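Here is the structure we will look at.
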Amino acid sequence: GVQTRINKHGLIETVADNESRLSYDIVDGKVSDCPHLLLEPQRTNYAVKSEEFDDSNWQKVRATIAANQIVSPDGSVTADLLTATDTTENYCQQNVNSTVSGSKQTASFFVKKGTSDFCHILLWDVSNDGARQWFDLTNGTVGTSTTFGSGVSVDSAQMINYGNDWYRCIVVFNNSNTTVRTRISTSNSNGSTSSTSGKTQYLWGAQLTIGSYETSYIPNTTTGSVTRSADACNGSGTSADFNDSEGVLFAEIASLEGDDNY
């Protein structure tokens, strides 16, 4: 299926089917020295046209989208610019086309600060129950969350620093509803839904999945959902190699003092 990894340059890239995904961790915006084998369960990205916020599947309210303005986390010039056009809540929103069934749903956007210090992500359902989570794009910290109605709440949130001022803003929602909408907005401050007209932020790589944690990004260029199958690793050893009755303890030790201590 459609699968990605982070390469040694810190860029998101697509990996062909039946190839190992050797992915490099990014810590505080810096790429780690060694890759690891990325093995993940099956996930489906329900956010359609996930890199095309100018597409008609993304509703723009009191906001405009300018496509392909700056370099995105995959190294191409495909990141879009969201600009608020009013002081009340502005947003780029998608009514998810597919039925989303699961008690925990995870939404994420790659966001880069323009002139707006804060953004917030909203998930809500047709009964007008919803929850919002704020993110501080200047300091790279998770803000507060709020709810309205009773059917949706924020379970957890995090920001991953991808370098070059890009953050992956991730929210895990508690929500048993099957018809959902996801939204990204600029904000003047933590906890505020208002934004000064003209405030901006860059967007790329939207994702909405069922599950209690975020996985690697699944690009979706279609108008339907896209599924990445579960990874399977063959030839990696059996119970004859790894079991609960024997094993190997290895330690690499250096003597850094030239004294007589043992």
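The values are calculated or read from the model by the stated rules, or taken from the named source; none is laboratory data. Keep in mind that this is a model prediction, so the values were computed, not measured. When we count neighbours, we look across all protein chains shown, and the Cβ atoms used for this are built from the backbone with ideal geometry, even at glycine. The accessibility values were calculated without ligands, DNA or RNA, using every heavy atom of the protein model including side chains. Shrake-Rupley method; radii C 1.70, N 1.55, O 1.52, S 1.80 Å.
I'm trying to understand the selection: among the residues of the stretch 1-31, which are charged (D, E, K, R) and touching a residue at least 60 places away in the same chain (Cβ under 8 Å)? Listed by number, the residues that qualify are Arg5, Glu13, Arg21, Asp28, Lys30. Of the listed requirements (1) in a loop (DSSP other than H, G, I, E, B); (2) farther than 20 Å from Arg43 by Cβ, Tyr167 misses just one: (1).
Within the stretch 56-71, residues that are within 19 Å of Asn97 (Cα to Cα) sit with their Cβ atoms under 7 Å from residues that are open to solvent by 70 Å² or more (accessible area, probe 1.4 Å), at 6+ positions apart or across chains, in these pairs: Asn57/Thr223.
Contact annotation: no residue pair with Cβ atoms under 6 Å, 6 or more positions apart or on different chains, pairs a residue in the stretch 228-244 that is under 30 Å from Leu208 (Cβ atoms) with a partner that is open to solvent by 80 Å² or more (accessible area, probe 1.4 Å) and basic (Lys, Arg).
The condition of being surrounded by fewer than 19 Cβ atoms within 10 Å (Cβ to Cβ), among the β-branched types (Val, Ile, Thr) and under 15 Å from the mean Cα position of the chain (by Cα) holds for Ile160. For the residues Ile160, Ile184, Ile170, Ile210, the requirement of being touching a Gly at 6+ places or on another chain (Cβ under 8 Å) and aliphatic (A, V, I, L, M) singles out Ile210. Inclusion of Thr138 among residues that are outside any strand (DSSP E or B) and either at pLDDT 95 or above or among the aliphatic types (A, V, I, L, M) (or both) is warranted. Residues of the stretch 22-54 being among the hydrophobic types (A, V, I, L, M, F, W, C), surrounded by 15 or more Cβ atoms within 10 Å (Cβ to Cβ) and under 14 Å from Gln3 (Cβ atoms), which ones? Result: Leu22, Leu38.
I want to confirm something. Restricting to the stretch 70-116 and keeping residues that are modelled with pLDDT of 95 or more, over 17 Å from Gly205 (Cα atoms) and β-branched (Val, Ile, Thr), which single residue is least open to solvent (accessible area, probe 1.4 Å)? So, considering only residues that are modelled with pLDDT of 95 or more, over 17 Å from Gly205 (Cα atoms) and β-branched (Val, Ile, Thr), the one least open to solvent (accessible area, probe 1.4 Å) is Thr83.
Between Ser197, Ser150, Ser127, Ser212, which is open to solvent by 50 Å² or more (accessible area, probe 1.4 Å) and under 14 Å from Thr106 (Cα atoms)? Explain how you work it out, then say what you get.
Numbers: Ser197 fails: under 14 Å from Thr106 (Cα atoms); Ser150 fails: under 14 Å from Thr106 (Cα atoms); Ser127 fails: under 14 Å from Thr106 (Cα atoms).
So the residue among Ser197, Ser150, Ser127, Ser212 that is open to solvent by 50 Å² or more (accessible area, probe 1.4 Å) and under 14 Å from Thr106 (Cα atoms) is Ser212.
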